[in-house]
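These notes are about the structure you will find just below.
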Amino acid sequence: MPTFMHAPLRDISAETLYKLLWLRISVFVVEQRAAYPDLDGRDLEPDTQLVWLEEEDEVLATARILFDAATATSDRMIRVGRVATAANARGRGLGSELMQAVIGRVEQREPHVPITLDAQKHLAHWYAQFGFAISGAEFIEDGIPHVPMTRPAL
(Lines give C-alpha, C1' and ligand atoms only; values in the text may rest on other atoms or scores of the structure.)
Protein backbone atom coordinates (compact mmCIF):
# COMPACT_ATOMS: atom_id res chain seq x y z
CA MET A 1 0.00 0.00 0.00
CA PRO A 2 1.58 3.33 -1.05
CA THR A 3 2.17 6.00 1.58
CA PHE A 4 1.42 9.68 0.95
CA MET A 5 4.36 11.92 1.84
CA HIS A 6 4.75 15.70 1.76
CA ALA A 7 7.51 18.07 2.77
CA PRO A 8 9.27 21.26 1.79
CA LEU A 9 12.46 20.64 -0.16
CA ARG A 10 14.68 21.45 2.84
CA ASP A 11 13.21 18.48 4.75
CA ILE A 12 13.61 15.87 2.00
CA SER A 13 16.59 13.52 1.97
CA ALA A 14 18.97 13.76 -0.97
CA GLU A 15 18.02 10.23 -2.06
CA THR A 16 14.29 10.93 -2.05
CA LEU A 17 14.75 14.26 -3.81
CA TYR A 18 16.79 12.50 -6.49
CA LYS A 19 13.96 9.99 -6.99
CA LEU A 20 11.34 12.76 -7.20
CA LEU A 21 13.31 14.73 -9.78
CA TRP A 22 14.18 11.57 -11.72
CA LEU A 23 10.46 10.75 -12.00
CA ARG A 24 9.58 14.27 -13.16
CA ILE A 25 12.33 14.27 -15.77
CA SER A 26 11.49 10.72 -16.90
CA VAL A 27 7.87 11.64 -17.54
CA PHE A 28 8.03 15.22 -18.80
CA VAL A 29 11.42 15.49 -20.51
CA VAL A 30 12.07 11.93 -21.73
CA GLU A 31 8.62 10.36 -22.23
CA GLN A 32 6.79 13.48 -23.39
CA ARG A 33 9.85 14.95 -25.12
CA ALA A 34 9.26 18.36 -23.53
CA ALA A 35 12.70 19.86 -22.99
CA TYR A 36 11.97 22.54 -20.43
CA PRO A 37 13.64 23.82 -17.23
CA ASP A 38 12.02 21.58 -14.63
CA LEU A 39 14.31 23.04 -12.00
CA ASP A 40 12.71 26.48 -12.11
CA GLY A 41 13.52 27.64 -8.59
CA ARG A 42 9.96 27.22 -7.31
CA ASP A 43 10.80 24.00 -5.43
CA LEU A 44 13.10 26.10 -3.22
CA GLU A 45 10.40 28.52 -2.09
CA PRO A 46 9.76 28.13 1.66
CA ASP A 47 6.02 27.40 1.30
CA THR A 48 6.31 24.95 -1.60
CA GLN A 49 5.37 21.37 -0.75
CA LEU A 50 6.65 18.43 -2.75
CA VAL A 51 4.24 15.53 -2.46
CA TRP A 52 4.60 11.92 -3.47
CA LEU A 53 3.38 8.37 -3.07
CA GLU A 54 6.03 5.86 -2.15
CA GLU A 55 6.01 2.13 -1.67
CA GLU A 56 8.95 0.01 -0.60
CA ASP A 57 11.34 2.97 -0.99
CA GLU A 58 10.17 3.65 -4.58
CA VAL A 59 8.55 6.92 -5.63
CA LEU A 60 5.46 6.00 -7.66
CA ALA A 61 3.81 9.39 -8.22
CA THR A 62 4.59 13.00 -7.43
CA ALA A 63 3.25 16.54 -7.60
CA ARG A 64 4.16 20.00 -6.37
CA ILE A 65 2.00 22.45 -4.42
CA LEU A 66 2.88 26.13 -4.67
CA PHE A 67 1.35 28.15 -1.84
CA ASP A 68 1.46 31.70 -3.21
CA ALA A 69 2.54 34.17 -0.56
CA ALA A 70 0.04 36.96 -1.36
CA THR A 71 -0.71 39.12 1.63
CA ALA A 72 -4.52 39.00 1.71
CA THR A 73 -6.40 35.70 1.88
CA SER A 74 -8.67 36.84 -0.96
CA ASP A 75 -5.59 37.29 -3.19
CA ARG A 76 -4.00 33.96 -2.35
CA MET A 77 -3.63 31.31 -4.96
CA ILE A 78 -2.52 27.72 -4.73
CA ARG A 79 -1.07 26.09 -7.80
CA VAL A 80 -0.60 22.36 -8.31
CA GLY A 81 1.84 21.17 -10.92
CA ARG A 82 4.45 18.62 -11.91
CA VAL A 83 1.85 15.84 -11.49
CA ALA A 84 3.45 12.60 -12.69
CA THR A 85 3.08 8.85 -12.22
CA ALA A 86 5.87 6.38 -12.95
CA ALA A 87 5.23 4.32 -16.09
CA ASN A 88 5.49 1.05 -14.15
CA ALA A 89 2.90 2.28 -11.60
CA ARG A 90 0.17 3.39 -14.02
CA GLY A 91 -3.18 1.67 -14.14
CA ARG A 92 -3.36 1.25 -10.36
CA GLY A 93 -5.30 4.43 -9.61
CA LEU A 94 -2.27 6.06 -8.00
CA GLY A 95 -2.67 9.33 -9.89
CA SER A 96 -6.18 9.65 -8.47
CA GLU A 97 -4.97 8.70 -5.01
CA LEU A 98 -2.23 11.34 -5.27
CA MET A 99 -4.64 14.08 -6.44
CA GLN A 100 -7.09 13.29 -3.63
CA ALA A 101 -4.24 13.50 -1.12
CA VAL A 102 -2.98 16.77 -2.66
CA ILE A 103 -6.44 18.32 -2.44
CA GLY A 104 -6.77 17.08 1.14
CA ARG A 105 -3.41 18.62 2.02
CA VAL A 106 -4.39 21.96 0.45
CA GLU A 107 -7.80 22.00 2.15
CA GLN A 108 -6.18 21.17 5.49
CA ARG A 109 -3.80 24.09 5.20
CA GLU A 110 -5.76 26.65 3.13
CA PRO A 111 -9.45 25.64 2.96
CA HIS A 112 -10.69 28.99 1.62
CA VAL A 113 -8.28 29.33 -1.29
CA PRO A 114 -8.98 28.03 -4.81
CA ILE A 115 -6.54 25.62 -6.45
CA THR A 116 -5.30 26.21 -9.99
CA LEU A 117 -3.34 24.09 -12.44
CA ASP A 118 -2.46 23.92 -16.10
CA ALA A 119 -3.69 20.57 -17.40
CA GLN A 120 -2.60 18.88 -20.55
CA LYS A 121 -5.77 19.22 -22.61
CA HIS A 122 -6.32 15.47 -23.00
CA LEU A 123 -6.36 15.18 -19.18
CA ALA A 124 -8.91 17.94 -18.50
CA HIS A 125 -11.71 15.37 -18.05
CA TRP A 126 -9.54 13.48 -15.55
CA TYR A 127 -8.94 16.62 -13.46
CA ALA A 128 -12.67 17.43 -13.68
CA GLN A 129 -13.44 14.41 -11.50
CA PHE A 130 -11.61 16.23 -8.67
CA GLY A 131 -13.71 19.39 -9.04
CA PHE A 132 -11.49 21.31 -11.48
CA ALA A 133 -13.12 23.25 -14.33
CA ILE A 134 -11.53 24.86 -17.35
CA SER A 135 -10.99 28.51 -16.49
CA GLY A 136 -9.37 29.98 -19.59
CA ALA A 137 -8.30 29.55 -23.17
CA GLU A 138 -6.25 26.66 -24.47
CA PHE A 139 -2.54 27.33 -24.93
CA ILE A 140 0.50 25.42 -26.12
CA GLU A 141 3.35 24.72 -23.71
CA ASP A 142 6.37 22.72 -24.85
CA GLY A 143 4.41 21.65 -27.93
CA ILE A 144 1.57 20.18 -25.85
CA PRO A 145 -1.95 21.69 -25.71
CA HIS A 146 -2.88 22.78 -22.16
CA VAL A 147 -5.89 24.39 -20.49
CA PRO A 148 -5.94 26.38 -17.25
CA MET A 149 -8.21 24.84 -14.62
CA THR A 150 -9.48 25.98 -11.24
CA ARG A 151 -11.03 24.16 -8.30
CA PRO A 152 -13.11 26.52 -6.15
CA ALA A 153 -12.32 26.95 -2.46
CA LEU A 154 -14.50 25.21 0.11
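The values are calculated or read from the model by the stated rules, or taken from the named source; none is laboratory data. Keep in mind it's a predicted model, so treat the numbers as computed, not measured. So basically every Cβ, Gly included, is an ideal-geometry build from the backbone, and we count neighbours across all protein chains shown. Side chains included, ligands, DNA and RNA excluded: accessible areas come from the protein's heavy atoms. Shrake-Rupley method; radii C 1.70, N 1.55, O 1.52, S 1.80 Å.
Based on protein heavy atoms only, segment 1-70 ends up with 54 Å² per residue of surface accessible to a 1.4 Å probe. In this simple spin-label approximation, SER96 and LYS121 carry label points 7 Å from Cα along the Cα→Cβ vector, and these lie 2.6 nm apart.
So what is the diffusion coefficient of segment 80-130 in µm² per second by Stokes-Einstein at 25 °C and 0.890 mPa s, using a Kirkwood Rh over Cα pairs? Please report the intermediate quantities before stating the final value.
On the way: Rh = 12.0 Å.
Approximately 204 µm²/s, per Stokes-Einstein.
Between ARG109 and GLU31, full extension at 0.36 nm per residue minus the direct alpha carbon distance yields a gain of 24.8 nm. For TRP22 and ALA87, the difference between the fully extended length at 0.36 nm per residue and the C-alpha to C-alpha distance is 22.2 nm.
Using a 1.4 Å probe over the heavy atoms of the protein chains, calculate the carbon and sulfur portion of the accessible area of the chain as a whole percent. Intermediate values should be presented prior to the final figure.
Values: 4470 of 8150 Å².
The C+S portion of the solvent-accessible surface of the chain is 55 percent.
Taking the Kirkwood radius as Rh and the Cα radius of gyration as Rg, segment 50-152 has a ratio of Rg/Rh equal to 0.97. Taken as Cα centroids, segment 11-41 and segment 76-147 sit 17 Å apart, rounded to the nearest whole angstrom.
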